[in-house]
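The values are calculated or read from the model by the stated rules, or taken from the named source; none is laboratory data. Note that the structure is predicted; figures quoted are calculated from it, not measured. Here the Cβ is made from the backbone with ideal geometry for all residues, glycine too, and neighbour counts use every protein chain on show. For the accessible areas, the whole protein counts, side chains as well, though only heavy atoms, and no ligand, DNA or RNA atoms are used. Shrake-Rupley method; radii C 1.70, N 1.55, O 1.52, S 1.80 Å.
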Amino acid sequence: MEEVRVIKPIKKVGGTVSLPGSKSISNRALLLAALSRGTTHLKNLLVAEDTDMMIGALKELGVKLEQHGDEVIVQGCEGNFPVKRADLFLGNSGTSMRPLASALAFSGGEYVLDGVQRMRERPMGHLVEALNSIGAQIVCLGEQGFPPLKIYPSTRITSDVVHVKGNVSSQFASGLLMAAPLVAPSQGLNIIIDGELVSSPYVSLTCKLMACFGVIVSIDVETYVVPSHPYISPGEMMVEADASSASYFLALGALVGPLTVKGVGRDSLQGDAAFVEYLAKTGASVIRGENWIKTAPSIYGPKLQGIDEDFRQIPDAAMTIAAIAPMCEGPTTLRGIASWRVKETDRIEAMAKELRKVGCQITSGSDWLRIVPPEKLQGATFDTYKDHRMAMCMSLIAAGGVEVEIRDPGCVAKTFPDYFERLASVIKE
């Protein structure tokens, strides 16, 4: 029988909530530590399905790791994976699939990378084309341009220039960047982004983390210049709290707070920390400290205001704006969200369908979604499409004073296994 989580109407939240480590930082740091010289102690690492996929894959590749709760000790292999033949199952983890495909492309081994059915529907073609153009030997075993991938042995890069399209997923560029220092020619590798780069803050995050491991990437307009240089372990790294996960609690604080979120602040490395700038445009009160953010309801009136904004730089956190739109005054329009269609589900279609259940009028296009709130909000039972973010987003509707039910709430295990417990901990009435 399918599990359903019932959330009673939320009238007030308060106090302070601490969040798990960032998924984006955790999986990048795990791979960089494995590619490095030396041992790295990663602290406050996210413990969830996505990091389990990366840790499991690295172990299968012969990397030595010790895990103690949210601390992982990684003995780097300097890019030379001990195991040269393996079949890796990566679930629905794009932050594992794309970077590992790049890291293994020139590692001299034979590998198959696969995942769940939805992972087989998430595009990989542009990354495969880019890697093959510089000497890799990768083929798609099923539908062209999608996993599963077969990587044949290759160790030699054939060019100092590689083009990758930027309009589908920033993970293509991030994967190439992380793999590049170990295979770049002596003059470096020039990674040229063709077209607009979606979610560019995630690529900036990749470069910042590479710098922590001793590799400095130069940027000239649309070209990233990566030197031929070994990764050197920083010894220890503390992983920031996840800014995407923070968005749900920051939104709650804006609706029925105040509420303080610890672990992410004004100097965050993560692009999704900019979520609060969009939240402030709705009229919410936002205060940022060094390692915390506090949000509270609008000082201008009883309701937040709908906004019309481009969200291509923070597409994951943008879902949270869509989720609170039914409780706002006036319509909300989200633009630049084409990447939603190739995530864990088609998030534009999913969000449109679920928000209609509470009485919203919805119109949408290839890269936009417009939400007109109802005169009276209705409770609903929400489908989650095996998508962790849909489950967390739909829970926020309870802050509109209605009871909601979340089908398959366990899907939050992908990035935030105890989300609903932490949500319950801040509810005051």
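For the reader, a short list of remarks on this structure follows.
- For segment 30-51, no residue has its backbone nitrogen under 12 Å from a point 7 Å from the Cα of THR155, taken along Cα to Cβ.
- Calculated FRET value between LYS281 and LYS43, using beta carbons and R₀ = 51 Å, to 0.05: 0.90
- Volume per residue for the chain equals 128 cubic angstrom (convex hull of Cα atoms).
- Diagonalising the gyration tensor over the Cα atoms of segment 154-251 and scaling each eigenvalue by 5 before taking the square root yields semi-axes of 26, 19, 10 Å, largest first.
- Segment 182-316: C-alpha gyration tensor shape, a/c 1.5 cut-off, then a/b vs b/c: oblate
- Mean-position separation - Cα centroids, segment 237-311 and segment 19-97, in angstrom: 29 Å
- The Cα trace of segment 371-414 gives Rg and Dmax of 11.0, 35 Å, the first to one decimal, the second as a whole number.
- Solvent-accessible area per residue in segment 21-65 equals 26 Å², computed with a 1.4 angstrom probe and all protein chains kept.
- Carbon plus sulfur fraction of accessible area for segment 334-402, probe 1.4 Å, in percent: 45 percent
- Using a Gaussian network model of the chain in which every pair of alpha carbons under 10 angstrom is joined by a spring, one finds that among ALA254, ALA350, ALA136 the greatest mean-square fluctuation is at ALA350.
- Helix-only [θ]222 nm of the chain, DSSP H runs n ≥ 4, -39500 (n - 2.57) each, per residue, nearest 500: -9000 deg cm²/dmol
- Listed residues PRO82, PRO326, PRO374, most fluctuating in the chain (Gaussian network, C-alpha, under 10 Å): PRO82
- Averaged over residues, the count of other Cβ atoms within 10 Å places the peptides 259-266, 220-227 in the sequence 259-266, 220-227, highest first.
- Structure note, pairs LYS8/LYS376; LYS386/LYS428; LYS343/LYS386; LYS294/LYS428: Cα-Cα distances above 19 angstrom occur for LYS386/LYS428.
- Solvent-accessible area per residue for segment 320-382 (1.4 angstrom probe, square angstrom): 37 Å²
- Multiplying each eigenvalue of the alpha-carbon gyration tensor of segment 57-191 by 5 and taking the square root yields semi-axes of 22, 19, 14 Å, largest first, rounded to whole angstroms.
- Label-point gap, in nm, between GLU121 and LYS59 - each point 7 angstrom along Cα→Cβ: 3.0 nm
- Gyration tensor verdict on segment 241-305 (Cα atoms; rounded if a/c is under 1.5, prolate if a/b is larger than b/c, oblate otherwise): prolate
- Highest average packing first - 56-67, 410-421, Cβ atoms within 10 Å: 410-421, 56-67
- Sites ILE216 and GLU236, calculated FRET efficiency, Cβ-Cβ separation with R0 30 Å, nearest 0.05: 0.90
- Segment 376-426-segment 153-206 distance, computed between alpha-carbon centres (Å): 36 Å
- Beta bridges per DSSP, both residues in segment 217-332: antiparallel share near 90 percent.
- In the context of the full set of protein chains, residues of segment 78-161 present 39 Å² of accessible surface per residue (probe radius 1.4 Å, heavy atoms only).
- The chain: most fluctuating residue of GLN270, GLN187, GLN75 per GNM, C-alpha cutoff 10 Å: GLN187
- Between the listed residues GLY38, LEU58, LEU209, the Cα displaced farthest toward the positive end of the dipole of the chain, a dipole computed from Cβ unit charges relative to the Cα centre, is found at LEU209.
- Computed log10 I(q)/I(0) for segment 242-352 at 0.23 Å⁻¹: -1.29, from the Debye equation with unit scatterers placed on every C-alpha and solvent omitted.
- Expressed as a whole percent, the accessible surface of segment 109-261 that belongs to carbon and sulfur atoms is 52, based on a 1.4 Å probe.
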